[in-house]
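The values are calculated or read from the model by the stated rules, or taken from the named source; none is laboratory data. Not measured: the values here are computed from a predicted model. Cβ placement follows ideal geometry from the backbone for every residue including glycine, while neighbour counts extend to all protein chains displayed. Only protein heavy atoms, including side chains, enter the accessible area calculation; ligands, DNA and RNA are left aside. Shrake-Rupley method; radii C 1.70, N 1.55, O 1.52, S 1.80 Å.
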Amino acid sequence: MSKSSRISGFHKMSPAEQRKAVEEFCGFQAGYLEKMDQDLSLDIQTASRMVENVIGLFEMPYGIATNFKINNKDYLVPMVTEESSVIAACGNAARLAREGGGFFSIVTEPVMIAQIQVVHIKNPHYALVRIYENKERLLALANEQDPMLCSLGGGAFDIEVRIVDAQPQKFLVIHLFVNVKDAMGANAVNTMAEAIALLIEEITGGEVLLRILSNLADRRLARSMVRVPKEALGGEEVVDKILLAYAFAASDPYRAATHNKGIMNGISAVVLATGNDTRAIEAGAHAYACRNGRYTSLTTWEKNIDGDLCGTIELPLALGLVGGATALHPKAKLSLSILNVSSARQLAEITAAVGLAQNLAAVRVLATEGVQKGHMRLHAKNIAVMAGASGPAIDVVAQKLIESGKIRVDKAKEILAEML
Ligand code: MEV
């Protein structure tokens, strides 16, 4: 039987105990995660191969969100973030989601779009049809650039052409659609776009200018859904409040930006943990949120006939398992083995569910007690540590700080002194 990601009391364990629990869940050898701090860390030589002018490394907290059940499979989800509460909130929402059977995610084929801009065309309408006439030649030339991708069943398979009526001139934009399989795909599609430029110029009589992928990867969509029984949320009144909170995000771009930022708290943390490109994912998400001309929520929330809360998310997720930092960074590789994913599509299924969970956590807390109570609890613990508390004293001092209403270092020092 597969193991459950519902590990009770996980958040109260020490990091060593948490590592042990992750090892057991993942079937790693006992003590494997001890290597996190040494052998599984990025070294300066590898870092220098990743980017330029490297003078050191920058550490970030690496945590685990528990409780995820996605498409009937349990997952522990690695998340890298500097923001407190994100990982805990995500795991809590995943626990609520389990009450309704967990998340169900579906993704499209991993299709990326390369854009080729053709300028200085005298007869753009005629040139547009000429491109379609030569479609097979263009696809064949594109696919010659990546025999490996084609042997895996991927490659360029379609073309779409538009005339863009811009200033100071009309130009053509050609979209090359490429199934990139388990790659993020930027390299593959950019190479193809550059390779077919000359032939496009020959066909159109124009001049090719830009040849680059689009981060609005709307042919590579991930969708996830969840049903949370009203009882798990504290009753139908809470469901109704969540619907009103969602209505705010759905209708007001100022709120939608924050709502979607909360979603990306979860998504970007997984994207970073797996060595993927956070900016590509964020650009795609926000552009997609604006696809109908007005910026809106990436999620939807509704109530079903039983009064239960039903949520969905839909966004482009250009995530890869091969190439780039995913292949080089030891912790990115570790993240993929913790997730035990076998395809980029499976990684997108998980990541979409994490975004939905993060949003569930946010709308629930915002529609009920507000975010500050939880933040203050954490803040109070940090202040207690800054004042010199350690071990069990941290919780005691933090509690007294909250009760006093003065969450300050001088107050924490005063409380500590009284305790001695
Ligand atoms: C904070 O990082 C994220 C939230 O602001 C998201 C939201 O408002 O929905 C809590």
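Some observations on this one:
- Residues located in region 1-43, provided they are in contact (Cβ under 8 Å) with a residue 60 or more places away in the chain, assigned by TED's automatic domain parsing to the domain that holds Phe58 and hydroxyl-bearing (Ser, Thr, Tyr): Ser41
- Hits in region 265-281 (condition: open to solvent by 10 Å² or more (accessible area, probe 1.4 Å) and either outside any helix (DSSP H, G or I) or within 14 Å of the ligand (Cβ to nearest atom) (or both)): Asn265, Ser268, Gly275, Asn276, Asp277
- Where Glu302 falls short, out of the listed (1) free of Cβ contacts under 8 Å to residues at least 60 places away in the same chain; (2) open to solvent by less than 40 Å² (accessible area, probe 1.4 Å); (3) in contact with a strand residue (DSSP E or B) (Cβ under 8 Å, 6 or more places away or on another chain): (2)
- Hits in region 146-185 - residues which are closer than 19 Å to Asp277 by Cβ and open to solvent by 40 Å² or more (accessible area, probe 1.4 Å): Lys181, Asp182
- Some residue of region 234-251 being away from the ligand (no atom under 13 Å from the Cβ), in contact with a helix residue (DSSP H, G or I) (Cβ under 6 Å, 6 or more places away or on another chain), among the hydroxyl-bearing types (Ser, Thr, Tyr) and not in a loop (DSSP other than H, G, I, E, B): no
- Candidate set from region 103-155 (those that are of a type in the set (Ser, Thr, Tyr) and under 18 Å from Val180 (Cα atoms)); member that is nearest to the chain's Cα centre (by Cα): Thr108
- Test: residue in region 342-354 that is over 17 Å from the mean Cα position of the chain (by Cα) and either more than 15 Å from the ligand (Cβ to nearest atom) or open to solvent by less than 40 Å² (accessible area, probe 1.4 Å) (or both): yes
- Some residue of region 243-258 being within 14 Å of the chain's Cα centre (by Cα) and hydrophobic (A, V, I, L, M, F, W, C): no
- Qualifying residue in region 82-90 (condition: open to solvent by less than 50 Å² (accessible area, probe 1.4 Å), on the phi < 0 side of the Ramachandran plot, touching a Phe, Trp or Tyr at 6+ places or on another chain (Cβ under 9 Å) and in contact (Cβ under 8 Å) with a residue 24 or more places away in the chain): yes
- Among residues that are touching a strand residue (DSSP E or B) at 6+ places or on another chain (Cβ under 8 Å) and assigned by TED's automatic domain parsing to the domain that holds Gly266, Gly324 is not included.
- Residues that are farther than 14 Å from Lys373 by Cα and surrounded by fewer than 11 Cβ atoms within 10 Å (Cβ to Cβ), drawn from region 386-418: Ser390, Gly391, Pro392, Asp410, Ala417, Glu418
- Filter result for Ala245 (open to solvent by 10 Å² or more (accessible area, probe 1.4 Å), in contact (Cβ under 8 Å) with a residue 24 or more places away in the chain and either in the same structural domain as Leu149 (by TED's automatic domain parsing) or of a type in the set (D, E, K, R) (or both)): no
- Annotation note: Cβ proximity below 8 Å between a residue of region 217-235 that is open to solvent by less than 10 Å² (accessible area, probe 1.4 Å) and a residue that is at pLDDT below 95 and outside any strand (DSSP E or B) (sequence gap 6+ or interchain) occurs for no pair.
- Meets criteria (within 16 Å of the ligand (Cβ to nearest atom), open to solvent by less than 40 Å² (accessible area, probe 1.4 Å) and assigned to a helix (DSSP H, G or I)) for Ala257: no
- Test: residue in region 286-293 that is within 16 Å of the ligand (Cβ to nearest atom) and either out of contact with any Leu (no Cβ under 6 Å at 6 or more places or on another chain) or at pLDDT 95 or above (or both): yes
- Against the list (1) within 16 Å of the ligand (Cβ to nearest atom); (2) under 22 Å from Gln117 (Cβ atoms), the condition Ile203 fails is (1).
- Of the residues making up region 255-293, those that are over 21 Å from Ser214 (Cα atoms), among the hydrophobic types (A, V, I, L, M, F, W, C) and touching a residue at least 40 places away in the same chain (Cβ under 8 Å) are Ala256, Ile263, Ala269, Val270, Ala273.
- Pick from region 1-45, criterion open to solvent by less than 100 Å² (accessible area, probe 1.4 Å) and in contact with a Gly (Cβ under 8 Å, 6 or more places away or on another chain), ranking: farthest from Cys90 (Cα to Cα): Ile44
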